[in-house]
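Student: Here it is, the structure in full.
The values are calculated or read from the model by the stated rules, or taken from the named source; none is laboratory data. Since the model is a prediction, treat every value here as computed from it, not as a measurement. Because the Cβ atoms are built from the backbone with ideal geometry, glycine has one as well, and the counts that use them run over all protein chains shown. The area values use the complete protein model at the heavy-atom level, side chains included, leaving out ligands, DNA and RNA. Shrake-Rupley method; radii C 1.70, N 1.55, O 1.52, S 1.80 Å.
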Amino acid sequence: MSTERQTQLVSTQSSIGSRATVAIIGLGLVVFAVSWLALFQWIGGETDVLGVGLFRLLGVCLLFIGVGTGACGFAARSGRIAATPRRSAGLLTGVLFGLLGFLVGGLSGAQTFGLGTAGWLVSAAGIGTAAATAAVFPREELGSTIPPSVFVTFVGAVITAGIIDAGWTWTPVDLSVTLIGPVVVPLLTIVASLIGVWSAAKAHSGFGARGRQSGAFLLISLSILGMLSVLVLLVGFIVVRGLDTVLTDAGVGIGSITVLNIQIPWVDVQIPFLMNVTQGLFVDVNGILPAIVGTLWLVIGAVVFAVPLGIGAAIFLTEYSESERFTQLVEIATNGLWSTPSIVFGLFGLTFLLPRISNNHRSLLGGQLVLGFMLLPLVVITSYEAIKAVPDEFRDASAALGVTRWQTIRSVVLPAAMPGIITGIILGVGRIAGETAPLLFVFPRSTFPSSVPNVLGSFEFSLAPPFVTNEALLSGGSALPYQLYASITSGHVPGQTFTVEQFGWGTAFVLLIVVLALYGIGITTRLYFQRKLQHE
Amino acid sequence: MSDIDMKQTRAESNEQRTTTTVGETEEELQSEWSAYEFDGQTKISVSDLDVYYGSDQALRGVSMDIPEKSVTALIGPSGCGKSTFLRCLNRMNDRVSSARVEGSVTLDGEEIYQDGVNLVELRKRVGMVFQAPNPFPKSIRDNIAYGPRKHGDIDTGLLARLLGDANPEEEEDLIQRSLRQAALWEEVSDRLDDNALGLSGGQQQRLCIARCLAVDPEIILMDEPASALDPIATSKIEDLIESLAQEYTVVVVTHNMQQAARISDQTAVFLTGGELVEYDDTDTIFEDPNSQRVEDYITGKFG
């Protein structure tokens, strides 16, 4: 009696079924990866692989996958593959396949068979309902293999037969875009391979709870892969486009160079794009040094302004504020400030700050303050969370030793919260370093500056108030994101060396490097504080 | 106090009790045992202590005197107010915004619930060790020296070193002395600069005791100091408590009745509702309790 109810602990899935599903998954993943390469046109659709065009080969692979998953379903149904299926593949699966069926039915009805509105609606609804029914009503091993199998086989057949190929185009009525084969085919194969792989993964683990887990795991792993590839793609694209510009006329030699009035002996590194001003009489390679220095000064100023203020506010909210309601109010206000559009900050800077600090002239100080305002809410929010996360046990222990609240904050709470606080600052700096909109009104002096802001050298001391003045802080300049925006919108760059595009990509590349370098500094600082907490 | 004296007093108080118990209600009894007399100096005297958290009353009219240089155990079921009582003795309840304390607590005859009490000084004299070990995420050395450094008793900072005021030897002495007192020196003497969070739970708790001792308190409050530890670590902490009682007044809250019986000189039993039901010599409480409710609790019929 009891043995009948017992389920097997050790899976005795037939090795043929297991190998088949693994093969299908592997094939599907290859199709998936190659399709992405084809989508970005790193591999042409007509590339000759094994005697056939790439797209056709992908179609054939999809045919294999489609037929294979269907076969797995029937094999599981007839007991040839060990499986513990549920009663149904589930409502969500049904809805998704219903929508997919609706799309396929509608598009093929309207486009391939040229049916009218009524016709394609009927075809769409019919195929959609059929797909949903096929997914929901049969037991899981059929419900989650047959609809995918039909879809993947259909896509495979359409591509193999060349109905949609690299030369295919379609301009939908009422739409000003033309869909072209080299984009549509990879997109189709990506979707089809995903669905096929999902189905095969479920079959591999014998459906049921384990099957769902496998299917979900596969999709989730692919999404992290997708995320990483977006990152790599973006960075790679900028590097490839920008590197040439940056390295124009660059060279390394022995000698000495002068950067920002500081003489560095022995090495003679020349990277004109990084070391020259953007426009000038004797400048043959236009550089972006003013913008680099401008961005750095902006970030430094914003951090100096916002970080002490933000951390102070966060300490008050977590350690001193007695009123829950007040804390909530400040939190809401801070979140509101964080979501305020950046151009509004710029407008505020223009109409409120500039008349008061720099006599209505655009200025570095104005830019620093505006960016500081933008950075402030993020510093408050992240510091607040980080300080709140410090265990109360530390505060209790310190109070029980007779140590005052402020001493506790300084020597226990803040060090423990430091890594979190710094993470917030890193995120914020990354954002403000790349901001263009808030700077437009308050900072730029000329589109192509011919001099570098010399902040440190411009301090002048006097015996009469205000005792110290700094002309560089009160005059405008250029920043990397603004430089990019300005050169693209103005449509020309000075000099003959670069085209607008080259100059733009070079600037983008340098901006990326500067932001990454700021990240690097931040992460190193965070690691330092973390290590201090853990090892000391 | 010699053993004979001790027995004598206990015998007397037992006799007294048997004569008064007959026909009396518990309320009347309460006045009898709260007048429990011990030999030795009163260190802390609590009278009519009420504590409210918002509208909930956590302690009801608790009065008791705690003798110096002994171990006083507070036992009782969860939620009976024993931890609340402990936290009243160094005013840690001030840190809970909803808490309200009424009544009087005197330390060496001086009221600690009055205006103008210096909490820093109070907590330097009344140290506390918590239920879960809570060392700071700093080195062992910094943990021990934390209190004295913050109080300015020891300064090894850069400025002090420049001015020649630094006293690193004194700090070294203090660290060694505190760790020895807490029976931890042998185990950590070679890694004082390692992070304290790398120690085992029992070592961490002894470090917390050492950190408390470094401030040179007169009273040490312990809130279930061994409840998060394994039996071996627990027995080390218990030995430590007994040896600390020679120099310090120790008040310890515990769930564990055997522990209270093993380590304490006198025991106070709190029962649900925040009342102190009985307070007497530990032997009396465990062998011949006065109140039926205490006997039920101790024999495990309830709580």
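Student: Please find the FRET efficiency linking A:ARG431 to B:SER98, where r is the Cβ-Cβ separation and R0 is fixed at 41 Å, and quote it to the nearest 0.05.
Tutor: 0.55
Student: Modelled label-to-label distance, A:SER321 and B:GLU121, 7 Å Cα→beta-carbon offset: nm?
Tutor: The modelled label-to-label distance comes out at 3.5 nm.
Student: Still on this structure, I have one more. How big is chain A along each principal axis, measuring the range of its Cα positions in Å and listing the largest first?
Tutor: For chain A, the Cα extents along the three principal axes come out at 97, 72, 54 Å.
Student: Then there's this: For the protein assembly as shown: lysine pairs with Cα atoms under 18 Å, gap of 8 or more or different chains, count?
Tutor: For the protein assembly as shown, the number of qualifying lysine pairs is 6.
Student: Using per-residue counts of other Cβ atoms within 10 Å, averaged over each peptide, order B:202-211, A:423-432 from highest down.
Tutor: B:202-211, A:423-432
Student: Compute the signed sum of charges (Lys and Arg +1, Asp and Glu -1) over the other residues within less than 11 Å, Cβ to Cβ, of B:LYS124.
Tutor: -1
Student: For chain A, what relative contact order do you get, as a whole percent, if you take Cα pairs closer than 8 Å and at least 6 residues apart?
Tutor: In percent, rounded to a whole number, it is 13.
Student: For helix A:146-160, what angle does its Cα long axis make with the longest principal axis of chain A, in degrees from 0 to 90 and rounded to 10?
Tutor: Its long axis makes an angle of about 80 degrees.
Student: Kirkwood Rh and Cα-based Rg: tell me the resulting Rg over Rh for the stretch A:289-535, rounded to two decimals.
Tutor: Here the Rg-to-Rh quotient is 1.04.
Student: Quick one: buried accessible area between A and B, total over both chains, 1.4 angstrom probe, nearest 100 Å²?
Tutor: Using a 1.4 Å probe, the pair buries roughly 2000 Å².
Student: Kindly state, to the nearest 0.05, the FRET efficiency for A:VAL122 paired with A:ILE332, given R0 = 56 Å and r defined as their beta-carbon distance.
Tutor: 0.60
Student: Answer rounded, prolate or oblate for the stretch A:35-99, using the Cα gyration tensor with square roots of eigenvalues a ≥ b ≥ c: rounded when a/c is under 1.5, else prolate when a/b is larger than b/c, else oblate.
Tutor: Note, shape of the stretch A:35-99 comes out oblate.
Student: Run the numbers for A:ALA517 and A:ALA250: contour at 0.36 nm per residue of separation, minus the present Cα-Cα distance, in nm.
Tutor: Between A:ALA517 and A:ALA250, full extension yields 94.0 nm more.
Student: Counting only protein heavy atoms, probe 1.4 Å: which residues of the stretch A:489-536 lose 10 Å² or more of accessible surface in the full assembly compared with their chain by itself?
Tutor: Going by heavy-atom accessible area, the residues of the stretch A:489-536 that drop by at least 10 Å² are A:LEU533, A:GLN534, A:HIS535, A:GLU536.
Student: Modelled label-to-label distance, A:VAL52 and B:TYR113, 7 Å Cα→beta-carbon offset: nm?
Tutor: Here the modelled spin labels are 8.9 nm apart.
Student: Just checking the output field for A:402-412: average partner chain Cβ neighbours within 10 Å of each residue's Cβ?
Tutor: 5
Student: Separate question: In the neighborhood of A:ALA508, defined by Cβ-to-Cβ distances under 14 Å, what is the net charge if each Lys or Arg adds +1 and each Asp or Glu adds -1?
Tutor: Neighbour charge sum, excluding A:ALA508 itself: -1.
Student: Further, regarding this structure: How much accessible area per residue does the stretch A:159-315 have, counting only protein heavy atoms and a probe of 1.4 Å, in square angstrom?
Tutor: Dividing the accessible area of the stretch A:159-315 by its residue count gives 52 Å².
Student: Another question, then. Given the Cα-Cα distance of A:LEU463 and A:PHE137 and 0.36 nm per residue of separation, how much length would full extension add, in nm?
Tutor: Working it through step by step, the gained length comes to 108.4 nm.
Student: In deg cm²/dmol, rounded to 500, what helix-only [θ] at 222 nm does chain A give when every DSSP H run of at least 4 residues adds -39500 (n - 2.57) and the total is split over its residues?
Tutor: Taking each H run of at least 4 residues, the total per residue is -21000 deg cm²/dmol.
Student: Something else about it: What distance in nm lies between label points placed 7 Å from Cα along the C-beta direction at B:ARG191 and A:ASP284?
Tutor: 6.4 nm
Student: Could you sort A:102-108, A:491-497 so that the peptide with the highest average Cβ count within 10 Å comes first and the rest follow in order?
Tutor: Sorting A:102-108, A:491-497 by mean packing, highest first, produces A:102-108, A:491-497.
Student: Leaving ligands, DNA and RNA out of it, report the carbon-plus-sulfur percent of the accessible area of the protein assembly as shown at a 1.4 Å probe.
Tutor: 61 percent
Student: Please find the FRET efficiency linking A:TRP406 to A:LEU527, where r is the Cβ-Cβ separation and R0 is fixed at 25 Å, and quote it to the nearest 0.05.
Tutor: 0.35
Student: Just the Cα atoms of chain B, one point each, no solvent: what log10 I(q)/I(0) does Debye give at q = 0.15 Å⁻¹?
Tutor: Debye curve over Cα of chain B, log10 I(q)/I(0) at q = 0.15 Å⁻¹: -1.20.
Student: Rounded to the nearest 500, what is chain B's calculated 222 nm mean residue ellipticity when only DSSP H runs of at least 4 contribute -39500 (n - 2.57) each, over all residues?
Tutor: -12000 deg cm²/dmol
Student: When Lys and Arg each count +1 and Asp and Glu each count -1, what net charge do the other residues less than 12 Å away from B:SER98, Cβ to Cβ, add up to?
Tutor: -2
Student: What's the ranking of B:159-168, A:143-152 by average number of surrounding C-beta atoms within 10 Å, highest first?
Tutor: With the highest mean Cβ count within 10 Å placed first, the list reads A:143-152, B:159-168.
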